[in-house]
Amino acid sequence: MTTRFIVVRHGETQWNVERRIQGARDSALTAAGLAQADAIGKRLARERFDVLISSDLGRARQTAERVALHTGLPVHADKRLQERNFGAGEGMTYDEIDRAFPDVFSRDRDSNPDIVIPGGESRRQFHDRVKAAFEDLARQHDGKRVCVITHGGVLSTLYRVVHDIPVAHAHRVTISNASYNAMAFDADAWTLEAWDETDHLPGAAPFVES
């Protein structure tokens, strides 16, 4: 049976505003981020889904709790849905991490996906973790509709999985805070149904992940 996912990036955080790498660390939602979380919560309240799952990191949980207020579903935390661990790069700005670790992302050129920032995980390790987690959730909730609150890097990885984009290949993916994204899993195959919908978010600013 087909399992359908609604996948949402958390609301804006202070480190998003400062363009800092969060990874497994955290910063709180801004006032705009809280408003975004309420906006996606109101949109999701108009739809049917069976379970609400969140990354266990604070910014995702904070967003999920707002969604829970509007939908009445409890939040189930799943550590596998965390953002990529950037180790020593966490807290750096994007410019700083690009200078210090130029192969961390693959936005503009193909690069080695097996390079690991000290204390972190490689792009391939992250890709494999996310892919396995969602395939497991799809089978665990076979035939159901699942809402997942997670991170930009997780969504970027899912986009690559759905479109079979190699992990080393340069590719830019637009992922706005609290945007609406939908996909389906059936017989080991993924189908994209909606991507980066922001009609519920006036003045949404898109973010490009690699």
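The values are calculated or read from the model by the stated rules, or taken from the named source; none is laboratory data. On a predicted model such as this, the values are computed, not experimentally measured, just so you know. Glycine also receives a Cβ, built like all others from the backbone with ideal geometry; neighbour counts cover every protein chain displayed. Remember, those area values only see protein heavy atoms, side chains included, never the ligands or the DNA or RNA. Shrake-Rupley method; radii C 1.70, N 1.55, O 1.52, S 1.80 Å.
Each Cα pair under 8 Å and six or more residues apart adds its sequence gap; the mean of these over the residue count of the chain is a relative contact order of 30 percent. Each semi-axis of the equivalent ellipsoid for the chain is √(5λ) with λ an eigenvalue of the Cα gyration tensor; in descending order they amount to 25, 20, 15 Å. Between segment 1-50 and segment 135-172, what's the alpha-carbon centroid distance in Å? When both Cα centres are located, 16 Å separates them.
Where both partners of a DSSP beta bridge lie in the chain, what percent of those bridges are antiparallel, to the nearest 5? Restricted to the chain, the bridges split so that about 55 percent are antiparallel. Quick check for you: which residues of segment 63-107 have the amide N under 18 Å from the point 7 Å beyond the Cα of Ala45 toward its beta carbon? Residues passing the 18 Å test: 63-75.
Using a Cα-Cα cut-off of under 17 Å, which aspartates and glutamates could be cross-linked to Lys79, ignoring same-chain neighbours fewer than 8 residues away? Partners found: Asp26, Asp56, Glu65, Glu121, Asp128, Glu135, Asp136.
Using a 1.4 angstrom probe on heavy atoms only, work out the carbon and sulfur share of the accessible area of segment 162-201 in %.
That share works out to 45 percent.
Along the charge dipole of segment 69-166, which of His70, Gly143, Pro118 sits closest to the positive end, that is, farthest toward it, with unit charges on the beta carbon of Lys, Arg, Asp and Glu (+1, +1, -1, -1)? Highest projection toward the positive end goes to Gly143. Only lysines eight or more places from Lys144 in sequence, or on another chain, were considered; those with a Cα closer than 20 Å are Lys131. Relative contact order of segment 1-100, taken over Cα pairs closer than 8 Å and 6 or more residues apart, is 34 percent. Per residue, the accessible area of segment 52-210 comes to 43 Å² when a 1.4 Å probe rolls over the protein heavy atoms. With all protein chains in place and a 1.4 Å probe, the accessible surface of segment 1-124 carries 48 percent carbon and sulfur.
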